[in-house]
Amino acid sequence: MQNAIIKITNLRLRTYIGFNPEEQQKKQDVVLNIEIHYPGEKACLNDNVDDALNYKVITKSIIDHVENGRFLLLEKLVSSVLEIAKSHHWVTFANVTIDKPHALRFADSVSLSLSWQQEE
């Protein structure tokens with residue numbers, strides 16, 4: 001079986017993230033990296049669109065969720081994006097990492113990762 005791995009790299013969005021008053025007033029940049037695994041054997045053999053996971057649909061859903069949401073914690077933001085990433089029944093594994101640039105002085109960013117794997 002061919003394991004297809006979709007990687008969405010450095011998806012740059014803006015959202016309300018944080019619990020400090022200034023974070024509640026102004027959208028901040030976040031950078032998303034998402035990895036989704038699914039069995040891709042049919043798509044590899046048949047070259048049929050219906051046999052492939054539509055990453056554009058997943059990405060649009062994530063963009064809408066992040067840009068129209070408000071989150072106090074990075075953990076909540078990451079877990080909710082992970083739920084979208086793993087929502088299709090073909091998905092066997094998903095990992096989401098979200099960076100919050102300039103969250104700490106002297107650091108490029110703070111990031112949090114969560115992953116999910118289908119039980120066998």
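Name the residues in region 1-16 that are part of a strand (DSSP E or B), polar (S, T, N, Q), more than 15 Å from Leu74 (Cβ to Cβ) and in contact with a helix residue (DSSP H, G or I) (Cβ under 9 Å, 6 or more places away or on another chain), would you?
First pass over region 1-16, keeping only residues part of a strand (DSSP E or B): 3-16.
So of that shortlist, the ones also polar (S, T, N, Q) come out as 3, 9-10, 15.
Imposing the further condition that a residue be more than 15 Å from Leu74 (Cβ to Cβ) reduces the set to 3, 9-10.
The one that is part of a strand (DSSP E or B), polar (S, T, N, Q), more than 15 Å from Leu74 (Cβ to Cβ) and in contact with a helix residue (DSSP H, G or I) (Cβ under 9 Å, 6 or more places away or on another chain): Asn3.
Name every residue in region 17-47 that is under 16 Å from Ala94 (Cα atoms) and touching a helix residue (DSSP H, G or I) at 6+ places or on another chain (Cβ under 9 Å), in order of residue number.
The initial filter retains those residues of region 17-47 that are under 16 Å from Ala94 (Cα atoms), namely 32-40.
Of everything in region 17-47, those that are under 16 Å from Ala94 (Cα atoms) and touching a helix residue (DSSP H, G or I) at 6+ places or on another chain (Cβ under 9 Å) turn out to be Leu32, Ile34, Glu35, Ile36, Gly40.
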Open item on the list: Out of Asp51, Asp29, I need the residue that is touching a Lys or Arg at 6+ places or on another chain (Cβ under 8 Å), charged (D, E, K, R) and free of Cβ contacts under 8 Å to residues at least 24 places away in the same chain. Which one?
Closed with: Asp51
Open item on the list: For a quick check of your reading: which strands (runs of 3 or more DSSP E) sit entirely within region 28-119 and have at least 1 residues that are open to solvent by 60 Å² or more (accessible area, probe 1.4 Å)?
Closed with: 28-39, 109-117
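The values are calculated or read from the model by the stated rules, or taken from the named source; none is laboratory data. Bear in mind the structure is a predicted one, so any value in this text is a computation, not a measurement. Every residue, glycine as well, gets a Cβ built from its backbone with ideal geometry; the counts of neighbours run over all protein chains shown. Heavy atoms of the whole protein, side chains included, go into the accessibility calculation; ligands, DNA and RNA do not. Shrake-Rupley method; radii C 1.70, N 1.55, O 1.52, S 1.80 Å.
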